[in-house]
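K.L.:
Pasting a structure below so you can have a look.
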Amino acid sequence: MAEIKLNKTELKSQQMLMDQLSKYLPTLQLKKQQLQVEVNSVKNFFDELNQKMDKMKNDFLSWSILLSQREPVDIKEFLTVEEVISLQENIAGVEVPFFDKIIFTDREYSSFSTPLWFDKAIESLKELITVREQMRITEIRQQLLEEELRQTNIKVNLFEKRLIPRCKNNIKKIKIFLGDQEIASICNAKIAKDKLKRKELTAEAV
C-alpha cells in the first residue's frame, strides 16, 4: 500500500472515504442479516421436503410390488415430465429460482383396462417426482444464497477489520502530524517574535 500524504488535502480525502465506508457498511450488514435469514429458511424448507420424500418413498414401498404385475398399459408412460417451471425471485440483490409447477405429458387411458390402484399409483408417483424436482430447485436456491452470503460476509469483514480501521488510523496519523506542525509553527512564530522584541529593546537601549 502506498504511503499516505500528510497534508490537509489527504485528510479531507480520507475523511470523505470514511464517510462513504461508514454509510455503506450498514447496508452490507443488513444484506448479510437478510441472506442469513433466507439461508436458514431455505435449509428448513429443504429438510421438510426431504422428510416428505422419505415418507413418500416408504409409502411407495408398501405397494410397489403391484407395479411388477403385467398390465395392459405401462405406468411409466404417464409419468413423463414435459416441463419443470421455476420462477425467479430477487432476494437481497441476488436472483434465485423457486419451484412453481411441473407439467406432465397428458396421456389418456381407460379406467376399465387398468386395475383399481392404477389411478392412485399415478397420482402418488407424480407427487414423488414433483417433490424431487422441488428439492432440486430448492437446492440450487440454497447454493446461490449461501454463495451470496459468503461473498457479503467477506465484504463486511473487509470493511470492519481492514478498510475502516485503516482509514481511521490514516486520519489519526494525519491529524497528529498536522497538529505537530501547527504547534511547531506557533513556537517558531513566538521565538521570532521574542527575537524581534529583544532587537527592539536593544536598539532603544543604544
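K.L.:
If you scan region 140-165, which residues turn out to be in contact (Cβ under 8 Å) with a residue 60 or more places away in the chain and over 13 Å from the mean Cα position of the chain (by Cα)?
P.N.:
Let us first name the residues in region 140-165 that are in contact (Cβ under 8 Å) with a residue 60 or more places away in the chain, namely 141-142, 145-146, 148-149, 152-153, 155-156, 159-160, 163-164.
Across region 140-165, the qualifying residues are PHE159, GLU160, LEU163, ILE164.
K.L.:
Related question: Under the condition of being at pLDDT 65 or above and of a type in the set (A, V, I, L, M), which residue from region 172-206 is farthest from ILE4 (Cα to Cα)?
P.N.:
Result: ILE191.
K.L.:
Which residue, of GLN143, GLN134, is of a type in the set (S, T, N, Q), in a helix (DSSP H, G or I) and surrounded by 15 or more Cβ atoms within 10 Å (Cβ to Cβ)?
P.N.:
So the residue among GLN143, GLN134 that is of a type in the set (S, T, N, Q), in a helix (DSSP H, G or I) and surrounded by 15 or more Cβ atoms within 10 Å (Cβ to Cβ) is GLN134.
The values are calculated or read from the model by the stated rules, or taken from the named source; none is laboratory data. This is a predicted model, so every value here is computed, not measured. Ideal geometry is used to build each Cβ from the backbone, glycine not excepted, and the neighbour counts take in all protein chains shown.
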